[in-house]
Amino acid sequence: MPSDSAVRIVWIYPDLLSTYGDQGNLLVLEQRAARRGIPFESIRVRSADPVPETGDIYLIGGGEDRPQILAAERLRKDGGLHRALARGAAMLAVCAGYQIMGSTFGGEEGQPVQGLGLLDISSGRGSVRGVGELVAEVDSALNLPTLTGFENHMGVTRLGPGVKPLAKVVTGVGNGDGFEGCHAGHVVGTYLHGPALARNPALADLLLRWAVGSELAPLDDSRYEALRQERLTAVASR
Ligand code: GLN
């Protein structure tokens with residue numbers, strides 16, 4: 001069993017929201033904790049089960065419209081995620097999971113569906129699918145390298161004053177307003193798949209740093225960096 005000081009990583013609803021390799025985000029966090037000797041415990045919470053309130057990092061992934069609506073209903077009723085974030089837990093919410101975090105999002109016919117109200121955002125359904133490479137320069141407050149990834153969504157997301165854009169879009173669609181994702185406190189929302197943390201290990205380390213509460217030992221990320229540079233070069237040469 002992990003010790004009390006283990007970082008508890010909670011992956012929410014892999015049975016509903018894991019359409020785009022979202023497990024990769026969990027694997028990257030586990031691997032980066034393990035490589036540093038940081039004890040961790042991973043908890044996969046299926047949608048029939050209660051969301052534990054005692055996690056340190058919560059992950060929620062992308063998915064199709066109907067599972068997304070079901071996930072929002074269940075999380076609203078469950079309340080565990082709300083209590084965890086009220087305690088200051090960190091979170092990465094991707095695409096469908098990102099949209100769910102706001103006040104409303106667009107259902108399969110574009111109808112407004114009630115979200116969790118955990119981020120000051122609202123999403124609707126746009127007229128064009130955002131699909132392809134997404135490259136974005138991160139808000140300087142977060143001090144992260146350029147994000148790269150893949151997006152595939154119909155959603156258009158408006159940010160309210162309670163959140164800041166995660167990054168400014170260089171290539172791709174993101175929120176649909178020239179920015180990509182958002183952040184507030186220790187919560188990051190993004191349209192990046194790829195999975196996001198495999199493509200952007202510095203983002204994984206930001207979540208781990210928030211969870212551990214101190215700086216982390218550096219790791220050799222030359223292979224990740226080579227992939228990132230390859231994508232940046234490919235996008236720039238289009
Ligand atoms: N169903 C949502 C949309 O199309 C989210 C899709 C996703 O998670 N990739 O906007």
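One line per residue, one yes/no per condition, for (1) under 25 Å from Phe105 (Cα atoms); (2) in contact with a Pro (Cβ under 9 Å, 6 or more places away or on another chain); (3) touching a residue at least 40 places away in the same chain (Cβ under 8 Å); (4) of a type in the set (Val, Ile, Thr):
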site	(1), (2), (3), (4)
Val10	yes, yes, yes, yes
Tyr20	yes, yes, yes, no
Leu29	no, no, yes, no
Ala34	no, no, no, no
Ile38	no, no, yes, yes
Arg66	yes, no, yes, no
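Say we look at the stretch 46-83 and pick out the residues that are crowded, with 23+ Cβ neighbours inside 10 Å and more than 16 Å from the ligand (Cβ to nearest atom); which of these is nearest to the chain's Cα centre (by Cα)? Break it down into steps so the answer makes sense when it comes.
Of the residues in the stretch 46-83, the ones crowded, with 23+ Cβ neighbours inside 10 Å are 55-63, 68, 71-72, 75, 81.
This time we only want the ones that are more than 16 Å from the ligand (Cβ to nearest atom), so: 55-58, 81.
Numbers: Gly55: 16, Asp56: 14, Ile57: 11, Tyr58: 9, Leu81: 14 Å.
Checking each candidate, the answer is Tyr58.
Scan the stretch 84-101 for residues that are small (Gly, Ala, Ser) and within 16 Å of the ligand (Cβ to nearest atom) and report the count.
Within the stretch 84-101, the subset small (Gly, Ala, Ser) is 84, 86, 88-90, 93, 96-97.
Okay, now just the ones that are also within 16 Å of the ligand (Cβ to nearest atom), so 93, 96-97.
Selection size over the stretch 84-101: 3.
Pairs, please: C-beta under 8 Å, at least 6 apart or cross-chain, first residue closer than 17 Å to Val128 by Cα and in the stretch 92-113, second part of a loop (DSSP other than H, G, I, E, B) and charged (D, E, K, R)?
Ala96/Glu64
For every residue, the table says whether it meets (1) under 20 Å from Trp11 (Cβ atoms); (2) aromatic (Phe, Trp, Tyr); (3) touching an Asp or Glu at 6+ places or on another chain (Cβ under 6 Å).
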| residue | (1), (2), (3) |
| --- | --- |
| Ser122 | no, no, no |
| Val131 | no, no, no |
| Ala136 | no, no, yes |
| Asp139 | no, no, no |
| Leu159 | no, no, no |
| Gly176 | no, no, no |
| Cys182 | no, no, no |
| Gly194 | yes, no, no |
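With respect to Gly37, determine if the residue is in a loop (DSSP other than H, G, I, E, B) and more than 19 Å from the chain's Cα centre (by Cα). Reasoning before the result, please.
Details: in a loop (DSSP other than H, G, I, E, B): yes; more than 19 Å from the chain's Cα centre (by Cα): yes.
Taking the combined requirement at face value, the residue satisfies it.
Which one is nearest to the chain's Cα centre (by Cα) among residues in the stretch 160-191 that are away from the ligand (no atom under 16 Å from the Cβ) and in a loop (DSSP other than H, G, I, E, B)?
His186
No lab work stands behind these numbers, since they all come straight from the coordinates. Only a predicted model underlies this, so the values are computations on that prediction, with no experimental measurement involved. Positions of Cβ are generated from backbone atoms using ideal geometry, with glycine treated the same way; all protein chains shown enter the neighbour counts.
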